[in-house]
Amino acid sequence: MKLLGKILLATDFSKPAEDALQSAIAVAKAFHSTIILMHVFPEELPALDRDRATTAITEELHSIQARIAAEGLEAPQPIREYGSPFVHIVQQADFIDANVIMLGSGEGNRLSVTAGKVMRKAYKPVWVVKTGFTPPFKR
């Protein structure tokens, strides 16, 4: 069994999420991990906007998946959910038996609501990447 066999990377496509992606890639390279990408659509998104958003978000998820694969890492089909982000992140981590949940901290110096709730509710370890953080592994 690998120490970090599966990394669940939750993204909202923000700058902190980009920093979390860079850190996840560095960690996955060091531990030969699989990165499982996830995005949760907010439940308050109207039905008309949901169709347009689904297409755009699917394209963005596949773009990130391709970046992960280009680094020589395993990146299975991204996960998309609708509803409360922290609830689905915590549930999905348990369902796929992730070794760690990685996500961005939030904009500025404040912890995002989602990151805070995931930290409090998850049964799996949570790695919150601070904005502007350099990936921790060089080799």
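The values are calculated or read from the model by the stated rules, or taken from the named source; none is laboratory data. None of the values given here were measured: they were computed from a predicted structure. Side chains are part of the model used for accessible areas, which takes the heavy atoms of the whole protein and leaves out ligands, DNA and RNA. Shrake-Rupley method; radii C 1.70, N 1.55, O 1.52, S 1.80 Å.
What the table below lists for this structure:
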quantity	calculated
Estimated 222 nm signal from helices in the chain, with DSSP H stretches of n ≥ 4 weighted -39500 (n - 2.57), rounded to 500	-14500 deg cm²/dmol
Heavy-atom accessible area per residue - the chain, 1.4 Å, Å²	56
Accessible surface of the chain [probe 1.4 Å, protein heavy atoms]: carbon and sulfur percent	55
Whether region 5-44 is rounded, prolate or oblate, judged on the alpha carbon gyration tensor where a/c under 1.5 counts as rounded	oblate
